[in-house]
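Have a look at the structure below before the remarks.
FYI, it's all coordinate maths here, none of it is from the lab. Just so you know, these numbers come straight off a predicted model, no measurement behind them. Cβ coordinates were reconstructed from backbone atoms using ideal geometry, including for glycine residues, and neighbour counts include every protein chain displayed.
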Amino acid sequence: MKKKFSKKAAFIAIGAMLAITACNKSPYPGYDKSENGLYSKFYRMDKNGVKAKEGDVVKLVLAYKNGKDSVLFDSKNKNPNGTNFIEFPLSKSTFKGSFEEALAMMSVHDSASFIISADSVYLRTFRAKELPPYIQKGSMLSFQVMLEKITPKEVVEKERAQKMEEQKVMMELRKTAEPKAFSKYLEDNKIKTKPTASGLYYVEKTKGKGPKPTKGCKVKVNYTGCLLDGTVFDTSIEATAKEAKLFDQRRTYEPIEFPIGMGQVIPGWDEGICMMSVGAKGKLIIPSSIGYGAQGAGPIPPFSPLVFEVELVGFTPAAPAPATK
């Protein structure tokens with residue numbers, strides 16, 4: 001028995017199709033509009049590929065432009081680490097039709113273009129307090145994306161835990177090795193002076209004249225700092241910087257100035273400089289406990305004893321405390 005298809009049913013079906021078409025209608029030729037208002041155009045799309053989830057790390061080749069077609073970012077030529085891609089964990093969507101939602105549509109090796117509200121990207125995703133001058137309110141951004149790799153959240157967490165464990169082992173090894181390395185340095189360099197209670201060694205080379213600075217005095221010091229193996233990591237002397245291949249033309253090489261005892265330098269410096277008079281030159285041999293400790297700093301590894309060649313160029317006495325009534 002054949003079913004009859006009434007005119008009413010036909011009108012309902014056509015109406016439904018028109019409604020769907022209207023919802024997906026895009027003002028940008030070639031782009032599809034999602035229910036959340038995201039405009040997308042895929043150049044390559046693996047419909048059956050695995051998509052990134054929140055917390056997964058995505059590796060992208062990315063560029064985006066403002067409404068005037070000016071390039072605002074391009075990972076191929078603006079990435080400071082020299083690579084042509086960027087990597088970051090995919091976070092929760094910051095608004096309907098967000099860039100996060102765009103990435104969640106992609107599989108590995110997909111490439112696509114997305115058009116997204118500039119206001120929402122800057123104020124919600126980038127969390128800017130206001131739109132930058134090169135972004136017009138109500139304008140759109142166009143993103144060009146190629147998804148190179150997805151690293152699942154579980155793998156990322158496992159690798160992170162493994163690295164933390166490796167760092168913990170390394171830290172323990174460095175901590176255990178420090179006393180032996182420190183003692184060997186003292187022995188190899190025939191250091192005979194006695195340490196202070198903190199473990200600091202001050203070896204005077206040139207005697208200074210006059211009083212020594214105390215807490216609050218503003219001192220002026222020339223210095224060269226190195227690790228126990230002689231590797232120079234910083235200096236205030238231009239010739240030494242050039243010799244050590246540390247020279248930076250943006251920097252002014254001159255004595256460093258700082259107030260004693262105010263936490264602006266490592267404790268070993270605060271203590272050691274107070275043992276000098278103006279004109280004195282000497283060596284500060286500093287255990288990590290009064291240096292940069294377990295954290296290290298830049299080129300200085302954790303639990304590293306340090307050696308500083310220092311000269312007290314001058315100092316200004318501490319300002320007297322205000323009189324009390």
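For the range 222-235, putting each phi into the Karplus relation 6.51 cos²θ - 1.76 cosθ + 1.60 with θ = phi - 60° gives couplings of 8, 7, 9, x, 9, 7, 4, 7, x, 5, 6, 10, 6, 7 Hz, in residue order, rounded to whole numbers and with x for Gly and Pro.
Ordered by the count of other Cβ atoms within 10 Å of each Cβ, fewest first, LYS283, LYS192 give LYS192, LYS283. Please state, rounded to one decimal and in Å, the Kirkwood hydrodynamic radius that the range 207-325 gives when every pair of distinct Cα atoms enters the mean of 1/r. Computed over the range 207-325, the radius equals 15.2 Å. Taking other C-beta atoms within 10 angstrom as a stand-in for reagent exposure, PHE258, PHE99 fall in the order PHE258, PHE99, fewest first. Each eigenvalue of the Cα gyration tensor of the chain, multiplied by 5 and square-rooted, gives one semi-axis; in descending order these are 65, 24, 18 Å.
Taking the highest mean first, how do the peptides 273-282, 169-178 order by number of other beta carbon atoms within 10 angstrom per residue? Can you show the working numbers first?
Numbers: 273-282: 18.8, 169-178: 12.9.
Ranking the peptides 273-282, 169-178 by packing returns 273-282, 169-178.
Look at where the Cα atoms of the range 84-143 and of the range 183-251 average out, and the two centres are 50 Å apart. Please determine, in degrees from 0 to 90 and to the nearest 10, the orientation of helix 153-188 with respect to the longest principal axis defined by the Cα atoms of the chain, where the helix direction is its Cα long axis. With both axes taken from Cα atoms, the answer is about 10 degrees. Protection proxy ranking, highest mean first, for peptides 223-229, 305-311: 305-311, 223-229, where packing is the per-residue count of other beta-carbon atoms within 10 Å, averaged. Each helix, a run of at least 4 DSSP H residues, gives -39500 (n - 2.57); summed and divided by the residues of the chain, these come to -7500 deg cm²/dmol at 222 nm.
Axis angle, to the nearest 10 degrees, between helix 7-24 and the longest C-alpha principal axis of the chain: 20 degrees. Dipole size of the range 26-155 about its Cα centre, with +1 on Lys/Arg Cβ and -1 on Asp/Glu Cβ: approximately 180 debye, rounded to the nearest 20.
Here the spin labels are modelled as points 7 Å beyond Cα on the Cα-Cβ line, and at ALA318 and GLU35 they lie 7.0 nm apart. Taking the inverse of the mean reciprocal distance over all distinct Cα pairs, the Kirkwood hydrodynamic radius of the range 108-239 comes to 22.7 Å. Extension gain, LYS180 to THR196, is 3.9 nm, computed as 0.36 nm per intervening residue step minus the present C-alpha separation.
Note the direction-averaged projected area, equal to a quarter of the hull surface, for the Cα convex hull of the range 49-168, in nm². Walk me through the intermediate numbers first.
Details: hull surface 34.7 nm².
It is 8.7 nm².
Sorting PHE233, PHE88 from the fewest to the most surrounding beta carbons within 10 angstrom yields PHE88, PHE233.
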